Amino acid sequence: MAKILLAEDDDSMRDFLAKALGRAGHEVTSVADGEEGLEALGDAPGAFELLLTDIVMPGVDGIELARRAAEIDPGLRIMFITGFAAVALNAGLTTQKEAKVLSKPFHLRDLVTEVERAMQAA
């Protein structure tokens, strides 16, 4: 079981992902944008094992959230989700090399598998 911070600006997608990850045995804290994600990380440094973030969000986007999250908690694993393939291709150039990018749409089984792989990698 992983403690996951999920940042996704689409309400239905956020709820869907949180429920799926919860059913897979993970503890999920959901936030609606990057600002809320930074608050959650700042309020409890080290409380999360994985940041799962959408890349394209208003305000603080997922790339900036991941960059700042890595400063707050260098051991935090990072995974991106996006509906924009071009953004996904460039995400690795500006963030941690280990960060996984899942392009929407993806199957929930793939998400759960990738989260498990990310947790086993450390």
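The values are calculated or read from the model by the stated rules, or taken from the named source; none is laboratory data. Here the structure is a predicted model, which means the values were calculated and not measured. Cβ placement follows ideal geometry from the backbone for every residue including glycine, while neighbour counts extend to all protein chains displayed.
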* Asked: What about Pro105, is it under 12 Å from Leu5 (Cβ atoms) and at pLDDT below 90?
  -> no
* If you take the residues of region 1-16 that are hydrophobic (A, V, I, L, M, F, W, C) and modelled with pLDDT of 95 or more, which of them is surrounded by the most Cβ atoms within 10 Å (Cβ to Cβ)? -> Ala7
* Structure fact -> From the option list Glu49, Glu27, Glu35, single residue qualifying as more than 18 Å from Asp110 (Cβ to Cβ), surrounded by 17 or more Cβ atoms within 10 Å (Cβ to Cβ) and of a type outside the set (Ser, Thr, Tyr) is Glu49
* Failed criterion for Pro58 (all others in (1) part of a helix (DSSP H, G or I); (2) farther than 20 Å from Arg117 by Cβ; (3) over 13 Å from the mean Cα position of the chain (by Cα) hold) -> (1)
* Sole residue being among the hydrophobic types (A, V, I, L, M, F, W, C), part of a helix (DSSP H, G or I), buried (at least 18 other Cβ atoms within 10 Å of the Cβ) and at negative phi, chosen from Ile63, Ile78 -> Ile63
* Filtered residues of region 44-84 (kept if among the hydrophobic types (A, V, I, L, M, F, W, C) and free of Cβ contacts under 8 Å to residues at least 12 places away in the same chain) -> Ala44
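Only one of Gly46, Gly22, Gly37, Gly42 is farther than 18 Å from Gly83 by Cβ and assigned to a loop (DSSP other than H, G, I, E, B); which?
After ruling out the rest, the residue left standing is Gly46.
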